[in-house]
Structures are given as structure tokens and as C-alpha cells.
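Okay, structure first, notes after.
The values are calculated or read from the model by the stated rules, or taken from the named source; none is laboratory data. Here the structure is a predicted model, which means the values were calculated and not measured. For neighbour counting, all protein chains shown are included, and Cβ atoms are generated from backbone atoms with ideal geometry for every residue, glycine included. Please note that ligands, DNA and RNA were not included when accessible areas were found on the heavy atoms of the full protein model with its side chains. Shrake-Rupley method; radii C 1.70, N 1.55, O 1.52, S 1.80 Å.
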Amino acid sequence: MTAPIETTGAQAEVQPEAVLAGTKGQQIEGRSLGRIAWNRFKRDKIAVAGGVVVILLILIAALARPLQHLLGLDPNTVHQDLIDPTSSLPKGDFGGMSGDHPLGVEPKFGRDIFARILEGSWVSLVVAFGATVLSNVIGAILGVVAGYYGGRVDSVISRMMDTFLAFPLLLFAISISATLQGGAFGLNGLPLHICVLIFVIGFFNWPYLGRIVRGQTLALREREFVDAARGMGARGPYILFRELMPNLVAPIIVDSTLLIPTNIIFEASLSFLGVGIQPPQASWGGMLNQAVDYFQVDPQYMIVPGLAIFVTVLAFNLLGDGLRDALDPRSR
């Protein structure tokens, strides 16, 4: 048998340094959950690219009016001198593209397409973000209440979710938008159209997040930190908004990034059908509606707004997928 090796005090002091030899003298730091999620997100190059595009789109939408003034463009200025009077089509190739009008001009009126794309960007994002905030607030509150209290409260809220999910949303949105076109609630024109779209899209989309939050809450309400809060005398509202809600931020953020592109398409669809944003205000869906009559002879006018919608929706979807994988690796 081999005799046990005795370890002197000096050798015992050297052992931790030997274990840490691979660190090359660097200080070991703990990482928060947010830092770990950020590191995961950075490794997903496609999601990072989507995030960069989303940031650029938000900046473009926020600076749409200053950019128009800087470039000397007006989305509603008519350029009849750029339109062929015999065909109502833009003069020149590719829809009248030129140095002054990089994306060409629209048929019949000759308004600058680039200026109208900029103008339509902030309209689409305002409606999409506003509807997302409204649906998330309603869905998060009702979902966490249903999941925590259970029983009759859960049954009533769950039946509400089923009712809203069974609603023919598109037909209902068309009817409401068409009814309120003239004026309502002291509003008219563009502010009214934007508020109606935000309400219709946001109010009827909350059950999707509500179901997610309810399911997460059913699992969280049995955790130790909730039992500890109850044991210390905390009541329902405190537990809901101080203990449970902070742990639901991740699914809410992911759902928001995936719901925004859906709302952009919904707004464009309503505007395309003529019950959303009304002309002469520029909107991507409205531009597609006007391009239907000219797509065979002037495809440029349909390609540009269609491509704007495609790029925006794709960027938000890529960002949402990346955030979902970063915040919840088990979903991969």
C-alpha cells in the first residue's frame, strides 16, 4: 500500500493558486441573468442584425419629418410636370427615379415615393407600438390575476379570452373603423384614425399574451419566494405586482417583439382595405391600395412599400426570435 502523502502548510497555501492558474491573474466576476442573456444574444448574429435594422427603422420613423425638411421633400406635394398626361404614369424609367426623387414618383399625382415612405414609417410604428402596449397591459394584468387567484376568477377571465379569440377581428375592425371615420370623442382626421386603430388592434389582441402570462403565473405561484411573501403577511396585490410581475418581464418582452410586426401587417391591411389611415396622409397599406391599378405598368410603386413592410416585419421577427432564445434557452 502506498503511504499517504503528507501536505505541509506551505503546500496547502499553494493549492488554490494552482487551481486558479488558468485565469492568468484575471479577477473572477459573477454575472447577472441580464448579462448572461445579453451574451447569448450577441452570439446570434442574425438576431443582432435584426436588432440593428429595428433601431435604424425607429430612428428613421422618429426623424421622418426632420429628414423630409433636410432633403427638401414633401409627401403631399404634387408634381404634375413629372407625369405623362396621356397615361398618368411617371416620365422616365423605373417609375421616374432621379437624383431629386431616388425612389421615383407615384402615378397620377407625382408625389415623391421616398417622402411618402418616410411619412408612412412613423404612422405604422406608432400604431404598432401603441396597440402592443395596450394589449400587453391588459393581457399581463388579467393573465397574472387569473393565474394567481385561480378558481372562479380564472374561469371568468379564461372564458373572456376564449370569447375574444373567437371574435372575427378583421370584420369587427373594418366595421368600427368605417363607422368612426367622420369623427368621434372630440377627435377627427389623422389623430382619430390612429387612436381607432390602436384601440381596435390592441384591445382585441390581449388574450394571446394573457394566456402566456397565466400559464407562467400558475407555475410561479407555487415557488418559494411567493410562499415567503405570504408568510410575511403580503397581500395579493403586492405579490402580483412586486413578486410575480418582475419574473414575467422576459415573456412579455419576447411577446412584444413578435406582436409588433403582426400589428404592422394588421394596420397595413386595414389601410389597404380603405378603413385605416385615410389619404392624403401617407401609409404603407394605402400606397399598396393605390398601386393595385398600376402594378402591371408601374411595378415600382408597389415594390417599394411592399419591400418596406417586408423588411420591417422580418427585422422584428428576427429580433424577437433572438430575444426568446437569449431569455429562455430551453425554448430552442
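ASP84 contributes an accessible area of around 50 Å² to the protein surface, as traced by a 1.4 Å probe with all chains present. Largest accessible area first, the listed residues ASP255, ASP321, ASP93 line up as ASP93, ASP321, ASP255 when surface is computed with a 1.4 Å probe on the assembled protein chains.
For the stretch 106-224, the residue among ALA166, LEU209, GLY189 whose Cα projects farthest onto the positive side of the dipole built from Cβ charges is ALA166.
Per residue, the accessible area of the stretch 260-313 comes to 40 Å² when a 1.4 Å probe rolls over the protein heavy atoms. Taking Cα centre as origin and charging only the Cβ of basic (Lys, Arg, +1) and acidic (Asp, Glu, -1) residues, the dipole magnitude of the chain rounds to 880 debye. With respect to the chain, whose longest principal axis is taken over its alpha-carbon atoms, helix 113-149 is tilted by about 40°. Bin all alpha-carbon pair distances of the chain at 10 Å intervals from 0 and give each bin's fraction as a whole percent. Each 10 Å bin holds this share of Cα pairs: 5, 19, 23, 20, 13, 8, 5, 3, 2, 1, 0.
Sorted largest first by accessible area at a 1.4 angstrom probe radius, with every protein chain in place, the residues THR257, THR262, THR86 fall in the order THR86, THR262, THR257. Accessible surface comparison of GLU222, GLU267, probe 1.4 Å, protein chains only, largest first: the order is GLU222, GLU267. Could you list log10 I(q)/I(0) for the stretch 66-190 at q = 0.16, 0.20 Å⁻¹, which the Debye formula gives when each Cα is one point scatterer? The computed values of log10 I(q)/I(0) come out as -0.94, -1.12. The sum of -39500 (n - 2.57) across all DSSP H runs of n ≥ 4, divided by the residue count of the chain, sets its helix-only mean residue ellipticity at 222 nm to -21000 deg cm²/dmol.
Per atom type, the chain shows carbon and sulfur on 64% of its accessible surface, probed at 1.4 Å.
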